Structures are given as C-alpha cells and as structure tokens.
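**Q** Sharing a structure, written as structure tokens. Questions coming.
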Amino acid sequence: MTNSLLIGPDALPALANWLRQPAVSQVFVLADATTARQCYPLLKPHLPETHHVIEIPAGEEYKTLSSCECVWNSLTEHRADRFAVLVNLGGGVVTDLGGFSAAVYKRGIRFAQVPTTLLAQVDASIGGKTGIDFRHFKNQLGVFQEPAAVFIDPQFLATLDPRQLKSGYAEVVKHWLIADAAAFNEQRHQGLFVEDWTPVIRESVAAKQQVVAADPLESGPRKVLNFGHTVGHALESYLLALAGREILHGEAVAAGMVCESWISAQRGLLTDTELDRIETFLFSVFDKIQFVSLEADAIAELALQDKKNAGSTINCTLLQGIGNAIFDQPVTVAEIAAALRYYHRL
Ligand code: GLY
C-alpha cells in the first residue's frame with residue numbers, strides 16, 4: 001500500500017514536508033501542458049527551490065512510449081539517481097504514465113501522485129496501476145507499482161471544466177454502488193453541488209482502497225471496480241473510434257452503470273425499486289448518450305474485446321443489491337445489446 005496518503009487542503013504542505021526527507025536527492029515534476037499552466041503555480045510554493053519540470057503535451061493520445069522517453073531523457077540528463085523522486089501532477093494520463101516511467105527508471109524510483117482531476121483523485125492515483133497505451137490499445141504496457149505517496153488537494157478541482165468534473169463523479173457513484181450503500185443513500189441528493197469535496201473524496205478513496213487491499217493484483221475481487229465499464233468501454237470505443245463521436249470516460253461509465261444495473265435486475269439481483277433509484281439518480285446528473293437503437297448490436301460486439309474477458313465469455317460485474325457487487329458474471333452479447341436498447345428507450 002501507499003506509504004502516505006493525504007486528502008484535503010493540507011495536502012500540499014504535507015507534500016512539502018515529505019519532500020524534505022534527507023533521502024530525497026532530486027525532485028522532478030511531471031505535468032502536461034494544461035496542468036503546467038493551471039496547477040503547477042499552485043504546487044510550486046510547496047516544492048524545494050531546486051526542482052526540474054518535465055512537460056508533456058496534454059491528452060490521451062500522448063500516453064505513449066515517446067512521452068515516457070521525454071521523462072527518462074530528463075531524468076538521465078539531470079543524472080537522477082535512485083533517490084530522486086518524480087511528482088506526477090495531473091489527471092489519469094499523467095499519474096499512470098509518470099508512475100510507469102518512475103517504476104522502470106533504474107529499476108524503480110519513488111513517485112508521488114498529485115492528482116488534479118476528480119477521476120484521478122478517486123480512481124487513477126489509487127491502487128498502484130500504472131501504464132501507457134501502445135498501438136492504440138489502452139494501458140497495453142504497465143506495471144502494478146504503488147506510489148510512495150499520494151497528495152490529494154480538492155482546490156485543483158476548481159481548474160476543471162464542469163464536464164470533466166462530472167466525468168470523474170461517475171467513479172464516485174460507482175464506488176457507492178459497489179461498496180457503500182449508505183453513501184449512495186445519503187450523498188446522492190447533493191449531486192455535483194458539493195461545497196466541500198474533501199469528505200466525498202475521502203470516502204470514495206477509502207472504498208477503493210478496501211477493494212484493492214483484498215486483491216492488489218486484480219486476480220479476482222478487484223474486478224468489482226469494473227462495474228459499468230464492460231458496457232462503458234464498448235460505448236466509448238464505438239463512439240470514439242468507429243463513429244468519431246466525442247464522449248468522456250465517465251459519461252460512458254454512467255451509461256454502462258445503467259445497462260449493467262438493468263442486467264442485474266433482469267437476473268433478480270436488484271429489485272425494480274433499486275434499479276429505478278439508480279437510473280433516476282444517474283439521469284439527474286448525466287445526459288443520455290445518443291445512439292440509434294440499430295447500433296446496439298455493434299456496440300455490444302465490442303464488449304467481447306475487453307481485456308478482462310477470458311476467451312469468448314464476457315465477464316461482467318453486476319450488482320447484488322446497492323452497495324454490493326459480484327464479479328466474473330458471464331453475460332452474452334445479446335444481453336448487452338438488450339441492455340443498450342433498454343437504455344435507449346428510457
Ligand atoms: N480503475 C480500476 C482499478 O483500479 O482497478
């Protein structure tokens with residue numbers, strides 16, 4: 001597990017303290033073009049006077065080996081030794097790529113995650129998954145490596161486009177649905193009108209950490225974190241790659257959670273009332289994804305390509321009541337297509 005985790009307005013002063021350890025030889029900061037402009041000025045007062053900034057272009061299309069080379073070039077040029085620390089300042093692309101680059105440089109240097117999007121704060125920076133895309137396959141190369149520390153400051157959320165904030169919120173809702181019925185019941189009414197994100201992020205991170213602690217390398221129970229993602233990834237791939245339509249990850253996951261809740265209800269695992277509660281809430285926050293009913297089969301076919309599947313079986317996470325998920329539930333392409341048609345009719 002991560003050695004230090006700090007969530008709240010004290011996170012950056014805590015990072016400053018952490019970096020003052022005698023065992024830190026040099027400090028490197030990885031940012032993308034957006035976080036270099038919007039977030040680095042907030043971080044800079046908490047960094048040692050001498051540090052090196054490595055900047056990569058912003059966007060998933062730069063989650064590549066050549067961006068890693070940019071990190072390794074800088075570390076090598078500045079003669080970073082094994083006591084150097086890489087501070088990853090950004091969303092999931094930066095925290096995943098920075099984590100991977102640090103994990104393999106000289107067989108591993110320490111890295112700290114300073115996630116700046118809600119998605120990275122509650123999901124990507126937690127649980128030790130690092131990686132990059134390769135030949136258009138998402139997260140094709142990567143290692144499990146826990147960061148030495150994670151510092152989550154909700155002030156960065158003010159830098160986000162409201163659509164990005166909402167996209168990250170889908171993962172908060174996912175954590176409620178798979179592991180925290182009480183939070184779903186108590187907190188969903190405020191929706192995105194959250195005055196203080198610190199307790200929401202704390203609870204969400206705690207829910208994810210509990211799942212990860214039981215299965216850090218995802219051999220079984222960690223798969224519950226994929227709730228909403230079987231259909232969500234299929235929708236994302238279809239709309240982005242085949243239809244050229246823009247969709248954010250969390251928007252696809254929100255639609256995926258409706259579809260996978262419907263499959264759960266069809267199997268008697270969720271009551272109609274629970275399904276209605278989930279749908280009503282998700283549609284109160286997320287716009288409906290537009291596709292035509294005829295596309296449902298083509299989208300469902302893409303679910304077969306998910307790397308979490310074994311052979312031709314689609315393994316899905318379903319809900320057995322709100323707050324309780326079950327993984328490795330075999331579902332068919334036809335069931336997924338039917339769920340998409342149901343979603344389309346709503
Ligand atoms: N985002 C899912 C996981 O960390 O396992």
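The values are calculated or read from the model by the stated rules, or taken from the named source; none is laboratory data. Note that the structure is predicted; figures quoted are calculated from it, not measured. Positions of Cβ are backbone-derived with ideal geometry, glycine not excepted, and every protein chain shown enters the neighbour counts.
**Q** Is it the case, given these coordinates, that T76 is modelled with pLDDT of 95 or more, out of contact with any Cys (no Cβ under 8 Å at 6 or more places or on another chain) and either outside any loop (DSSP other than H, G, I, E, B) or among the aliphatic types (A, V, I, L, M) (or both)?
**A** yes
**Q** Then there's this: Select the strands (runs of 3 or more DSSP E) contained entirely in region 108-157, then report the ones holding at least 1 residues which are farther than 17 Å from S66 by Cα and of a type in the set (K, R).
**A** In region 108-157, the matching strands (runs of 3 or more DSSP E) lie at 110-115.
**Q** Select, from R202, R245, the only residue that is away from the ligand (no atom under 12 Å from the Cβ), basic (K, R), over 14 Å from the mean Cα position of the chain (by Cα) and assigned to a loop (DSSP other than H, G, I, E, B).
**A** The conditions single out R245.
**Q** Looking at region 3-34 only, could you name the residues that are more than 14 Å from L89 (Cβ to Cβ), surrounded by fewer than 17 Cβ atoms within 10 Å (Cβ to Cβ) and within 21 Å of the chain's Cα centre (by Cα)?
**A** The answer is N3, S4.
**Q** Assigned to a helix (DSSP H, G or I), closer than 28 Å to E295 by Cβ and without any contact (Cβ under 8 Å) to a residue 40 or more places away in the chain, is that true of E251?
**A** no
**Q** In region 149-176, which residues are within 16 Å of the ligand (Cβ to nearest atom) and of a type in the set (F, W, Y)?
**A** Y169, W176 - these are the residues of region 149-176 that are within 16 Å of the ligand (Cβ to nearest atom) and of a type in the set (F, W, Y).
**Q** Would you tally the residues in region 260-273 being assigned to a helix (DSSP H, G or I), over 18 Å from L225 (Cα atoms) and in contact with a Leu (Cβ under 8 Å, 6 or more places away or on another chain)?
**A** Number of matching residues: 1.
**Q** Follow-up question, since we're still on this one. Please count how many residues of region 159-181 are among the acidic types (D, E) and surrounded by fewer than 22 Cβ atoms within 10 Å (Cβ to Cβ).
**A** Of the residues in that region, 2 qualify.
**Q** I would also like to ask the following. Tell me yes or no: at least one residue of region 182-194 is buried (at least 22 other Cβ atoms within 10 Å of the Cβ) and out of contact with any Gly (no Cβ under 6 Å at 6 or more places or on another chain).
**A** no
**Q** Which of the residues belonging to region 230-240 are within 12 Å of the ligand (Cβ to nearest atom) and touching a residue at least 40 places away in the same chain (Cβ under 8 Å)?
**A** Of everything in region 230-240, just one residue is within 12 Å of the ligand (Cβ to nearest atom) and touching a residue at least 40 places away in the same chain (Cβ under 8 Å), namely H233.
**Q** In this structure, does G268 turn out to be within 15 Å of the ligand (Cβ to nearest atom) and free of Cβ contacts under 8 Å to residues at least 40 places away in the same chain?
**A** For G268, the condition - within 15 Å of the ligand (Cβ to nearest atom) and free of Cβ contacts under 8 Å to residues at least 40 places away in the same chain - is not met.
**Q** Yes or no: K223 touching a His at 6+ places or on another chain (Cβ under 9 Å), within 14 Å of the ligand (Cβ to nearest atom) and among the basic types (K, R)?
**A** So K223 fails the test.
**Q** Okay, next question. Does at least one position in region 179-187 carry a residue that is in contact with a Phe, Trp or Tyr (Cβ under 9 Å, 6 or more places away or on another chain), within 14 Å of the ligand (Cβ to nearest atom) and either part of a helix (DSSP H, G or I) or of a type in the set (A, V, I, L, M, F, W, C) (or both)?
**A** Checked region 179-187: no residue is in contact with a Phe, Trp or Tyr (Cβ under 9 Å, 6 or more places away or on another chain), within 14 Å of the ligand (Cβ to nearest atom) and either part of a helix (DSSP H, G or I) or of a type in the set (A, V, I, L, M, F, W, C) (or both).
**Q** Same structure, new question: Being more than 27 Å from W197 (Cβ to Cβ) and within 16 Å of the ligand (Cβ to nearest atom) is true for just one of V71, V143. Which residue is that?
**A** Within the list V71, V143, the selection yields V143.
**Q** Can you name the residue in region 99-140 that is β-branched (V, I, T) and within 14 Å of the ligand (Cβ to nearest atom) and is also nearest to L240 (Cα to Cα) among such residues?
**A** In this case the residue turns out to be T117.
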